[in-house]
Amino acid sequence: MNDATASPYRVPFDGTFRVDRAPTAPRDAPGDKALEKRLEKVIEELDELQRKLYASDTFAVLLVFQAMDAAGKDGTVRAVMRGVDPGGCQVYFFKQPSAEDLDHDFLWRTSRCLPERGRIGIFNRSYYEEVLVVRVHPEYLDKQRLPPTLDRARIWEERFASIRAHEEHLARSGTIVRKFWLNVSREEQKKRFLSRLDDPEKNWKFSEGDVAEAARWPDYMSAYEEALRATSRPWAPWYAIPADHKDFMRVCVAEILVQTLRDLDLRYPEVDAARREKLAAMRRSIAST
């Protein structure tokens with residue numbers, strides 16, 4: 001049986017993942033033109049598979065993207081989904097939580113945005129911010145008005161348990177979960193930051209906070225390593241995608257998504273004899289007018 005989660009970049013399910021062993025660039029990437037053609041071909045198939053997903057109205061697909069700043073989340077989402085009917089795709093961005101968000105549990109604001117059957121939902125950042133950014137900045141917990149009985153020494157392990165249970169519930173209910181960590185190197189992030197500063201049209205992408213967060217790189221890598229170890233499971237695998245080469249990264253994400261949809265064996269709904277007769281009657285009626 002084909003393993004629908006298979007990929008050389010899939011994070012193991014046994015907790016052995018190591019950030020320092022995860023490649024940030026491919027060993028041998030095809031040329032840019034070859035990658036462009038490869039992506040176009042994959043997107044053509046994705047368009048057809050998405051139409052079948054929508055028509056069958058049985059499964060939903062949730063794609064989660066997490067990464068350090070400048071890794072290419074926005075560009076990857078645009079590149080991979082550009083050929084998909086906008087009616088079959090939903091994209092949500094999750095940044096600083098609102099006061100309303102903080103009045104609920106940490107899964108609430110993303111749960112409200114889950115894709116319905118037949119659609120592909122994309123989370124650009126997600127509930128994983130609560131075990132990544134908040135872990136690097138535990139002072140953010142003070143704003144969450146957590147119960148005084150909560151043991152903060154165990155909060156991360158408890159949140160991992162909640163995430164695993166949440167994603168397993170989604171999988172049992174027909175939502176296919178695929179999670180992508182776009183693994184950019186510190187050196188490449190620096191180059192992209194400098195590019196944003198040097199190009200007036202990219203200045204808007206840069207903030208002082210980007211520099212401050214980049215300085216916490218070791219803390220973030222530690223948080224990512226533990227989060228991916230704790231939550232990459234067969235029902236919701238993580239993929240650590242090399243992100244230093246943008247075109248290669250986008251092809252990898254697109255191919256994993258297409259293989260995921262292929263393995264659902266999607267088909268257009270069949271029309272029974274009675275329905276075919278009604279359709280034939282309507283055709284005769286239209287043709288005769």
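All of the numbers you see were taken from the coordinates with simple rules; none came from a lab. Computed from a predicted model, the values in this text were never measured in an experiment. Cβ sites come from the backbone with ideal geometry, for glycine too, and all protein chains shown count toward neighbours.
Quick notes on this one:
- For the chain, the share of alpha carbon pairs falling in successive 10 Å distance bins from zero is 6, 25, 33, 22, 8, 4, 2, 0 percent.
- Of 41/179; 73/190; 179/202; 73/205; 33/205; 73/246, pairs whose Cα-Cα distance is over 20 Å: 41/179; 179/202; 33/205
- Comparing 90, 144, 66 in a Gaussian network model of the chain, where Cα atoms under 10 Å apart are tied by springs, the biggest mean-square fluctuation is seen for 144.
- Looking at the chain, the DSSP beta bridges with both ends there are about 10 percent antiparallel.
- Given charges at beta-carbon only (K, R positive; D, E negative), |dipole| of the chain in Debye: 720
- Across the stretch 110-121, coupling constants 3J(HN,Hα) worked out from phi with the 6.51/-1.76/1.60 Karplus curve, θ = phi - 60°, read 7, 4, 5, 10, 5, x, 7, 4, x, 10, 9, x Hz, and Gly and Pro carry x.
- Take the convex hull of the alpha carbons in the stretch 130-201; its mean projected area over all directions comes to 8.3 nm².
- Whole-Å distance, taken between Cα centres, linking the stretch 79-114 and the stretch 224-288: 19
- Sites matching chymotrypsin sites (Phe, Trp or Tyr not before Pro) across the stretch 92-195 that sit in DSSP coil, with at most 10 neighbouring C-beta atoms within 10 Å: none
- Expressed as a fraction of 2.2 N^0.38 Å, the value expected for a compact globular protein of N residues, the C-alpha radius of gyration of the stretch 157-241 is 1.41.
- Gain in span if fully extended, residue 29 to residue 186, counting 0.36 nm per residue against the direct Cα distance: 54.5 nm
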